[in-house]
Ligand SMILES: Cc1ncc(C[n+]2csc(CCOP(=O)(O)OP(=O)(O)O)c2C)c(N)n1
Ligand SMILES: [Mg+2]
């Protein structure tokens, strides 16, 4: 039986200015990042409202610590793969805010050339392996990336994010079993925000998230995903263990979504009360939590905090402007990248003339 | 007659059939407490309770399979896919099981089940959420495929699908849910499967289509009319069973045909229809049948590329002009 770890009270309260073993520079960096994610998402929300962004758009507001604390603990060569609520994770992995925003706008300068949109952010160079729209389907893909790392004898890890609803998919269970059997270097992270759209997790499972990986023999941690310092320490240690050949890990990362499921869904409703959401926003805002620690510990003063925030707002605004000024993809892009190359034999059967300049 | 939306028509059909037959139950993601992701099942939980209107986990293969098993054992499940894109996860249960059970069991075990939900592209939902899936279903003998284009058809055909003794894939259109139209009040308003509908009569060219693109065809017909071309629009309504007679009669009248569909062309529905028309009405054709489909690419997100990728009324007009040698 695999063990389940929770962070004990001793670690939660340790001294060192309340940073729990995280050095002050890193703590400040986490703050800066989370502020950027918040301001970026707010900008995206604004852009959606005026029709600059179309389709589905799932914001990560409230879950910033889950992205910053986990991804900033990784090395550059490590892989990240996720579902569709992935804007801030893409930023965390180092994709330029302008390239992410331009993708949301469907512009040629977007990180997927405008062809993927909000749900399909990719950047191979930064090992951001996508935004995926089919719930649970990215989980086996992550195992495949872990397989490649082991196959080539590399020293990287894969972090695979999913929502709580994904653990009921067959693909999740098949993939975890294989990773365990083959000792693959993957950290499976459930961003447990308690709901899949309008369905509370407790309505669709008799067991808790952290129990899901036990039957595959994968060690599991429960981490407070609203606490970025706890999340950072947990992922730093987990990554070290996996890198050392320790095999897969599973994290029940407890978090909460402050906004509706997507831009077209209500923030609260029959599935969760307004009071519940307000309570979380008031008491479990990851940014406010770290802010208090930093201010109390004397690592940050009000003035530098405001400077940091205004820098984040500027970056978000610049990302918006960059996206807005960027061109739409050229029509010749329509048939580009369906295949690597067009050799002998017909590939397209739609009876259409391809736009000028097409492959 | 009462005017209502396509969504309300579906809701009424579900309600009436659940009242009529206690073995009918509805299962799917968000169908109960949330009233359905697209509100098609609004109020059904209150009316029928959680024994018959059931929220499932996100586990398409699992709950589709559960439905197939329940149908084999004697119930009449209606399984909602939040969209047909996600039904691809469940295809094994449909193609390997639902479609084959009656046959493999030597006729002993029927599988009266409806798989329903929106099919095809909406707006800017990108590649994994913008797929027309009818080809996957219609390919397999044992499955019926229904694609209503209007509120009245939605109601009459859903009632027929639920009463049908075989598995039916019932494919709605997300962009149709708000469309209004007249629907007969009659509790027993059932449109039999396998009967096409001539949505507009015309003499010069036949536009054959199914589902949401019926409205694109009608738009094209209006444009053609301004050019003095009289186009007939034939809505298949059900792809399998197929109303071959209505299709052939129209082609024999106009001598020219265009097939319009939302999905990809290769092995698409139109490929089958073209094959049928040339086999059975070759002598009546004055031009090769031309197809208008989605571009042969995964659906791009960018607005301009998406517009280019989708079939449009302009493309239908151009195709009609081509078969008219204009
Ligand atoms: C296979 C599949 N089924 C259904 C959907 C529709 N859908 C999109 S998100 C979602 C809820 C997922 O919730 P969760 O995994 O908890 O992630 P969260 O949105 O909370 O981040 C559903 C049902 C989908 N995208 N894919
Ligand atoms: Mg969730």
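Return, ordered by residue number, the residues of the stretch A:236-271 whose backbone nitrogen is under 13 Å from a label point located 7 Å along Cα→Cβ of residue B:123.
Output list for this probe position: A:264.
By how many nm would the segment from residue B:91 to residue B:103 lengthen if fully extended, with 0.36 nm per residue of separation less the alpha-carbon distance? Don't jump to the answer; show the numbers that get you there.
Working: separation 12, 0.36 × 12 = 4.32 nm, distance 1.79 nm.
Between residue B:91 and residue B:103, full extension yields 2.5 nm more.
Output the 0 to 90 degree angle, nearest 10, between the alpha-carbon long axis of helix B:244-254 and the longest principal axis computed from the alpha carbons of chain B.
20 degrees
If you take the beta carbon distance between residue B:182 and residue A:288 as r and set R0 to 41 Å, what does 1/(1 + (r/R0)^6) give as a FRET efficiency, to the nearest 0.05?
Numbers: r = 55 Å, r/R0 = 1.35.
It comes out at approximately 0.15.
Order of A:155, B:166, A:25, A:227 from fewest to most other C-beta atoms within 10 Å? Mind showing how you got there, number by number?
On the way: A:155 13, B:166 18, A:25 9, A:227 23.
Neighbour counts put them in this order, fewest first: A:25, A:155, B:166, A:227.
Tell me, what does the Kirkwood hydrodynamic radius of the stretch A:4-335 come to in angstroms if you use every pair of distinct C-alpha atoms?
Computed over Cα pairs of the stretch A:4-335, the Kirkwood hydrodynamic radius comes out at 20.1 Å.
Once a ≥ b ≥ c are taken as the square roots of the eigenvalues of the Cα gyration tensor of the stretch A:79-164, is the result rounded (a/c under 1.5), prolate (a/b larger than b/c) or oblate (a/b not larger than b/c)? Intermediate values should be presented prior to the final figure.
On the way: a/c = 2.29, a/b = 1.59, b/c = 1.44.
Taking the square roots of the gyration eigenvalues as a ≥ b ≥ c, the stretch A:79-164 is prolate.
Cα axis of helix B:214-226 to longest principal axis of chain B: angle in degrees, 0 to 90, nearest 10?
Result, in degrees: 20.
Figure the gain on full extension for residue A:305 and residue A:3 (residue separation times 0.36 nm, minus the Cα-Cα span) and round it to one decimal in nm.
Contour length minus the Cα-Cα distance gives 104.7 nm.
How far apart, in nm, are the 7 Å Cα→Cβ label points at residue A:155 and residue B:226?
Calculated label separation equals 6.9 nm.
Treat each spin label as a single point 7 Å out from the Cα along the C-beta direction, and report the residue B:267 to residue A:32 distance in nm.
5.3 nm
If N is the number of residues in the stretch B:197-323, what value comes out of its Cα radius of gyration divided by 2.2 N^0.38 Å? Present the calculation step by step, with values, prior to reporting the outcome.
On the way: Rg = 13.8 Å, N = 127, 2.2 N^0.38 = 13.9 Å.
So the stretch B:197-323 has a normalised radius of gyration of 0.99.
Helix B:60-73: angle to the longest alpha-carbon principal axis of chain B, degrees 0 to 90, nearest 10?
70 degrees
Give me B:320, B:133 sorted ascending by neighbouring Cβ count inside 10 Å, so fewest comes first. Intermediate values should be presented prior to the final figure.
Working: B:320 28, B:133 22.
Going from sparsest to densest Cβ surroundings: B:133, B:320.
Given labels modelled 7 Å from the Cα in the Cβ direction, how far is it in nm from residue B:287 to residue A:281?
5.9 nm
In what sequence, highest mean first, do A:324-330, A:181-187, B:259-265 appear when ranked by Cβ atoms within 10 angstrom?
Working: A:324-330: 15.9, A:181-187: 21.6, B:259-265: 25.3.
Final packing ranking: B:259-265, A:181-187, A:324-330.
Rounded to the nearest 0.05, what FRET efficiency do residue B:1 and residue A:274 give with R0 = 30 Å and r taken as the Cβ-Cβ distance? Could you check? Please list the in-between numbers first.
Values: r = 41 Å, r/R0 = 1.38.
After rounding to 0.05, the efficiency reads 0.15.
Taking the Cβ-Cβ separation of residue B:326 and residue A:124 as r and a Förster radius of 56 Å, what is the calculated FRET efficiency to the nearest 0.05? Spell out each step's value before the answer.
Values: r = 48 Å, r/R0 = 0.86.
About 0.70, to the nearest 0.05.
Which order do the peptides B:184-191, A:137-144, B:243-250 come out in when sorted by mean C-beta neighbours inside 10 angstrom, highest first? If you can, show how the numbers build up before the last one.
On the way: B:184-191: 13.9, A:137-144: 22.4, B:243-250: 17.6.
Going by the mean number of other Cβ atoms within 10 Å, highest first, we get A:137-144, B:243-250, B:184-191.
Find the relative contact order for chain B and round it to a whole percent, using C-alpha pairs within less than 8 Å whose residues are 6+ positions apart. All intermediate terms of the calculation are to be shown ahead of the outcome.
Working: 732 pairs, mean separation 51.9, N = 326.
It comes to 16 percent, rounded to a whole number.
FYI, it's all coordinate maths here, none of it is from the lab. This one's a predicted model, so the numbers in the text were calculated from it and none came from an experiment. Methodologically, a virtual Cβ is constructed for each residue, glycine included, from the backbone with ideal geometry; neighbour enumeration extends over all protein chains shown.
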